[in-house]
1. Just grab the label-to-label distance for A72 and R143, each label 7 Å out from Cα along the Cβ direction, in nm (one decimal).
2. Taking R0 as 35 Å, what FRET efficiency do you get between E44 and Y117 from their Cβ-Cβ distance, rounded to the nearest 0.05?
3. Which GluC sites (Glu not before Pro) in region 30-133 sit in a loop by DSSP (not H, G, I, E or B) and have at most 16 other Cβ atoms within 10 Å of their own Cβ?
4. Taking R0 as 45 Å, what FRET efficiency do you get between K105 and A9 from their Cβ-Cβ distance, rounded to the nearest 0.05?
Amino acid sequence: MSGKVGRPAMPDQWKAMTGQAPARAEAPAVQFTPGAPPCPAHVERNRVAFAEWNRIVPELITAGLLCTVDAAALAMYCVAYARWVKAEEQIQLQEQLGYEGEIKKAANGFEQLSQLYIVSGKEQERLHKMLTEFGLSPSARARVRGMAQQGDLFGNDALTAFTKAASRAA
């Protein structure tokens, strides 16, 4: 369990519309260096995970939600995404070939859930947890605070650095 009990936080806009004030003052967050972490080698070797890394990093930087220490969490998200995509592709392939669907008969005659559906479901759970960590779901965005973005007059900000590095790697 994640340790969070109760209802998810409501967005600030909703609180403002209904006239609700925050129950407690926010404690100052720990500050890390904003920017794109280096992509781990195992993510680079996985085509789908690497594509997701390159898709999501600019979005997280723009939102002020990514720091250089976030490599492990982001790698877990990208690998879970790649495994989920692979499981879903295999399920679609089996359906096209006319194999049994979600429920299969085991050797002992009992019905059981297909292993591909189990893998897909587990990866969906992992993805949901990681999406929440990065504020990538509507309710999670209400709880996640980004770092203030000022921008750089000389083009040395984190998004520009990531874009340049990604174009050099391609």
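What follows is calculated from the coordinates using simple rules that are stated; it is not laboratory data. This one's a predicted model, so the numbers in the text were calculated from it and none came from an experiment. Cβ sites come from the backbone with ideal geometry, for glycine too, and all protein chains shown count toward neighbours.
1. With each label placed 7 Å out from Cα toward Cβ, I get 2.0 nm.
2. 0.75
3. E100, E102
4. Result of the calculation: an efficiency of 0.50.
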